[in-house]
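Novice: Sending over a structure as structure tokens; questions will come in a sec.
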Amino acid sequence: MVHILAEAGDEHFHIAIREAPPLTLHGSSCWRTDGNSPVRIVHDRATVYFSRYQPHGHTLRRCGPRDLAFTDQPVPVRLINDTDPRVGKWIEAIWQPPSGPLRGWYHAEEPASCTEVQLHVPFIGEAQSDDDGLTWRCVRELLRLPADQADCGWRNGFLAGGYGDLSAVPDRSGRTLYLFFSSYHHAEDAQGVAALRLSADTPSATPSWWTASGWRTVGELRPKPIWPAVRGFRHRDPDCFWGPAVHYNHALKAYVMLLNRTAGGDGDLLQEGIYASMNDAIDDPGKWTTPLRIVRGGAWYPQAVGLEEGCGDTEVATVARFFMAGFSGWEIEFAGPAASGTTNRPLTCTKQDFAEMFGADRRCPW
């Protein structure tokens with residue numbers, strides 16, 4: 001019987017984490033993935049797009065069996081009309097309609113004009129591919145902070161404002177796409193995980209974002225975070241959720257979001273833990289449940305990846321592989337509320353745990 005390492009639950013759902021054979025999305029090509037890694041599973045084959053940040057942000061594509069036990073080496077994807085290759089671009093979400101090109105959304109990082117510290121201003125753009133993700137055309141920018149709003153006084157160690165760290169998922173009809181992103185808006189009450197709504201039928205349609213007055217065209221009002229920052233990103237020790245990864249969960253008949261939470265840091269966006277929330281109405285960001293901690297510590301960029309046909313990082317049956325920063329030594333199982341009531345036994349994951357599981361200190365994702 002597979003050992004349950006951790007479990008957590010509330011009145012909405014129950015999550016169990018079990019040990020599983022170690023594997024990584026990135027293999028030996030880099031020491032960890034950086035950002036959300038889209039995974040598609042079609043005809044018993046898996047395709048993953050993962051990113052790394054050295055020498056600057058770029059994405060690689062890797063193909064292999066459905067169980068993600070890759071043997072092929074990853075291949076860098078190419079942006080064929082990138083107007084500024086010096087700005088790193090991470091493809092963090094993909095979606096393809098029944099007919100039409102593969103669509104992707106990237107997190108880009110432009111250096112801020114700061115003299116005392118090296119900070120970046122992320123922005124979000126959209127791209128398309130006609131060859132299954134080997135080459136991409138940049139189509140448009142979706143969210144970009146005006147350059148004069150970058151704030152070199154921020155002390156989180158990485159960011160001077162902007163938008164990024166995203167994932168995307170369609171509604172059940174496949175006609176509307178929801179892109180969840182991290183808002184590093186200059187206004188602290190607009191910081192945190194926010195939502196963007198896109199048309200699946202008309203890719204050129206103007207997107208809308210969730211505001212205090214509901215869905216509004218981007219630029220009207222400011223984004224309303226699903227969970228406001230307790231302490232904003234201008235501080236050395238922000239306390240905020242960020243980096244959402246969203247999938248549709250068949251066991252719950254609802255959407256599940258996995259989240260990073262930073263708190264108690266010192267200019268390093270220290271990972272306090274990983275949390276989960278659910279929502280049975282994707283069009284209403286106000287219905288996401290209070291985040292439930294499932295990992296104490298851990299690494300950035302959690303994901304649940306379903307291994308069944310047609311699944312991947314945006315769809316899960318009941319049991320999925322659980323990843324942090326491209327590493328998985330775990331399965332994650334979702335169920336309704338436990339009959340015995342709530343539980344709170346999160347997985348504790350330290351640097352030493354990673355070193356022992358994946359073979360060497362250099363594989364530790366911190």
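Novice: Once you keep just the Cα pairs under 8 angstrom separated by 6 or more residues, what percentage relative contact order results for the stretch 185-285?
Specialist: Relative contact order, the stretch 185-285: 20 percent.
Novice: What is the diffusion coefficient of the stretch 13-143 in µm²/s, taking the Kirkwood radius over Cα pairs and the Stokes-Einstein relation at 4 °C with a viscosity of 1.567 mPa s?
Specialist: Value of D from the Cα-based Kirkwood radius: 81 µm²/s.
Novice: What shape does the stretch 222-261 take by its C-alpha gyration tensor, where a ≥ b ≥ c are the square roots of the eigenvalues and a/c under 1.5 counts as rounded, a/b above b/c as prolate, and the rest as oblate?
Specialist: Prolate is the answer for the stretch 222-261, as a/c is 1.5 or above and a/b outweighs b/c.
Novice: Roughly how big is the stretch 146-249's charge dipole about its Cα centre, with Cβ charges of +1 (Lys, Arg) and -1 (Asp, Glu), in debye to the nearest 20?
Specialist: 140 debye
Novice: Let me see the P(r) profile for the stretch 131-279: every Cα-Cα distance counted, bins of 5 Å, each bin given as a percent of all pairs.
Specialist: 2, 9, 17, 21, 19, 15, 11, 5, 1, 0
Novice: A further question follows. So what's the stretch 252-295 giving for Cα Rg divided by 2.2 N^0.38 Å, two decimals?
Specialist: Scaled against compact globular proteins, the figure is 1.36.
Novice: So for the stretch 297-358, Kirkwood radius off the Cα pairs, Stokes-Einstein at 20 °C and 1.002 mPa s: how many µm² s⁻¹?
Specialist: D, rounded to a whole number, is 163 µm²/s.
Novice: Pulled fully out, how much extra length does the chain show between VAL230 and THR83, if you take 0.36 nm times their separation in residues and subtract their Cα-Cα distance?
Specialist: So the extension gain works out to 49.2 nm.
Novice: Run the reach check for LYS89 against lysines, Cα to Cα strictly under 30 Å, same-chain hits fewer than 8 apart removed. What comes back?
Specialist: Correct list for LYS89: LYS224, LYS351.
Novice: A further question follows. Given THR59, LEU347, HIS250, which one lies farthest toward the positive end of the charge dipole of the chain, if we put +1 on the Cβ of every Lys and Arg and -1 on the Cβ of every Asp and Glu?
Specialist: THR59
Novice: Compute the distance in nm between two label points, each set 7 Å from the Cα along the Cα-to-Cβ direction, one at THR348 and one at ASP132.
Specialist: Roughly 4.5 nm, to one decimal.
Novice: Sort the stretch 70-212 into rounded, prolate or oblate with this rule: let a ≥ b ≥ c be the square roots of the eigenvalues of the Cα gyration tensor; rounded if a/c is under 1.5, and if a/c is not under 1.5, prolate when a/b is larger than b/c, oblate otherwise.
Specialist: Because a/c hits 1.5 or more and a/b fails to exceed b/c, the stretch 70-212 counts as oblate.
Novice: Treating the beta-carbon of each Lys and Arg as +1 and of each Asp and Glu as -1, no other charges, what is the dipole magnitude of the chain about its Cα centre, to the nearest 20 debye?
Specialist: Dipole size: approximately 160 debye.
Novice: State, to one decimal in nm, how far the label point of ASP67 lies from the label point of THR115, with both points 7 Å from Cα in the Cβ direction.
Specialist: Result: 5.9 nm between the two label points.
Novice: Taking the Cα atoms of the chain alone, what are Rg (to one decimal) and Dmax (as a whole number) in Å?
Specialist: 19.0, 58
Novice: Right, next: Decide, for the stretch 221-366, between rounded, prolate and oblate: order the square roots of the alpha carbon gyration tensor eigenvalues as a ≥ b ≥ c, take rounded if a/c falls under 1.5, and otherwise choose prolate if a/b is larger than b/c, else oblate.
Specialist: oblate
Novice: Lysines near LYS253 by alpha-carbon distance under 21 Å, same-chain residues fewer than 8 away left out - which ones?
Specialist: Those lysines meeting the cut-off are LYS287.
Novice: Quick one: Cα centre-to-centre distance for the stretch 15-76 and the stretch 176-246, in angstrom?
Specialist: Using only Cα atoms, the two centres lie 27 Å from each other.
Novice: When only Cα pairs under 8 Å and 6 or more residues apart are kept, what is the percent relative contact order across the stretch 268-345?
Specialist: Contact order relative to length: 21 percent.
Novice: Nearest 5 percent is fine: what portion of the DSSP beta bridges confined to the chain is antiparallel?
Specialist: Percentage antiparallel, nearest 5: 95.
Novice: Right, next: Relative contact order for the chain using alpha-carbon pairs under 8 Å, separation at least 6, rounded to a whole percent?
Specialist: Result for the chain is 18 percent.
Novice: Can you show me the helix-derived [θ] at 222 nm for the chain, built from DSSP H runs with n ≥ 4 at -39,500 (n - 2.57) apiece and divided by the number of residues, rounded to the nearest 500.
Specialist: -500 deg cm²/dmol
Any read-out appearing in this document is the output of simple, stated calculations on the displayed coordinates, not a laboratory observation. Quick caveat, the model's predicted, so the values are computed rather than measured. Because the Cβ atoms are built from the backbone with ideal geometry, glycine has one as well, and the counts that use them run over all protein chains shown.
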